[in-house]
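First the structure, in the form of structure tokens, and then the observations on it.
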Amino acid sequence: MNNELHGSPSPGQVDRRVALVTGGSRGIGLATVHSLLSRGNRVAALYKRVPPPPELADKKDNFLPIQCDITDPSNIEEAFNSIEKLWGPVNILVSNAGITKDSLLLRMSEQAIEEVLDVNLRSAFRVAKRALGPMIRAHDGRIVFVSSQSAFTGSPGQTNYAASKAALTGLARSLAREVASRGITVNVVSPGIVDTDMLHAVGEQRLEQLISQVPLGRPATPTEVASAIAFLTSVEASYVTGAVLVVDGGLGMGI
């Protein structure tokens, strides 16, 4: 019996697949772009406002930046069409885009709830749904949703954000059961405190409090999280699906 996924490289081979990363212009998304490129993949990065850094321009044969509002289904369709026209179907989807609109729940506006749910959760549904058709036909695919440790431990002032990220686990595990027979894996990476612009926006005092709770005593680098994501997209992870891979320095101790 041949247990390798159709179209996937054998263990030890360099990947040469088509990957799509949402929120791929900075932070964890940008680090994931670099990680997937280093493994030989062609990578498209979706971004809304801030484009990827200029140094990626020399990788133009394997890198495609696309400005896209992932809350707009027509924008998503146009992005996938552009990728498919250039390289063919997407084999790897990393749903990473996310926003915060922090406030205590008693003060939180309906708009803050809707905007966070639309970007963090509904758009994850949208891009996964669009990617699935070709993956199912190929009997090959990797989908990774990027969640957050706040989904499991909670975070004051982030009820909307934590709820949207917690929902990704239910989405991933249900989808994993739907498509496992087609050779498609669906997993979640749950970062803890990561050294990104979003972290530094909390202020120095709050930053010190957060880091003091981490057993390893420091935030993760975006590259450390990206390495976990890249593993789940690889052939070495072909028997991993419906899993939540926590990358939090021991903050939640596996929660």
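The values are calculated or read from the model by the stated rules, or taken from the named source; none is laboratory data. What you see is a predicted model; the values in this text were computed from it and never measured. Counting neighbours? That spans all protein chains shown, and the Cβs are built from the backbone with ideal geometry, glycine included. Accessible surface areas use protein heavy atoms only, side chains included; no ligands, DNA or RNA. Shrake-Rupley method; radii C 1.70, N 1.55, O 1.52, S 1.80 Å.
Computed values, structure above
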item: Accessible area (Å², 1.4 Å probe, nearest 10) - residue 241; result: 60
item: With Cα atoms, 0 to 90° folded angle of helix 159-179 axis to the chain main axis; result: 20
item: Area accessible to solvent at residue 198, 1.4 Å probe radius, in Å²; result: 90
item: Cβ charges +1 (Lys, Arg) and -1 (Asp, Glu), total dipole of segment 53-98, debye; result: 140
item: The chain: most fluctuating residue of 211, 229, 193 per GNM, C-alpha cutoff 10 Å; result: 211
item: Rg over Rh, two decimals, the chain (C-alpha only, Kirkwood Rh); result: 0.95
item: Heavy-atom accessible surface of segment 150-255: percent carbon and sulfur, 1.4 Å; result: 55
item: Residue of 73, 53, 65 that the Gaussian network model of the chain assigns the largest fluctuation, springs spanning Cα pairs under 10 Å; result: 53
item: Candidate aspartates and glutamates for bridging to residue 101, where Cα separation is under 20 Å - those fewer than 8 sequence places away on the same chain excluded; result: 69, 72, 110, 114, 115, 118, 195, 197, 204
item: Tail beyond 16 Å, pair distance distribution of segment 120-220 (Cα, percent); result: 62
item: Entries in 85/165; 59/129; 59/85 that, when Cα-Cα distance is taken, lie over 25 Å; result: 85/165; 59/129
item: Ranked order, 48, 165, 129, 85 - accessible area, probe 1.4 Å, largest first; result: 85, 129, 48, 165
item: Contour minus Cα-Cα distance for residue 224 and residue 107 (0.36 nm per residue); result: 38.6 nm
item: The chain, accessible area per residue, ligands and nucleic acids excluded (1.4 Å, Å²); result: 49
item: 139, 200, ranked by accessible area, largest first (probe 1.4 Å); result: 200, 139
item: Radius of gyration and Dmax over the Cα atoms of segment 18-115, both given in Å; result: 15.0, 50
item: Low-density loop cleavage sites - GluC sites (Glu not before Pro) in segment 147-255, where at most 16 other Cβ are within 10 Å (DSSP); result: none
item: Translational diffusion coefficient (Stokes-Einstein; Kirkwood radius from C-alpha pairs) of segment 144-198 at 4 °C, 1.567 mPa s, in µm²/s; result: 107
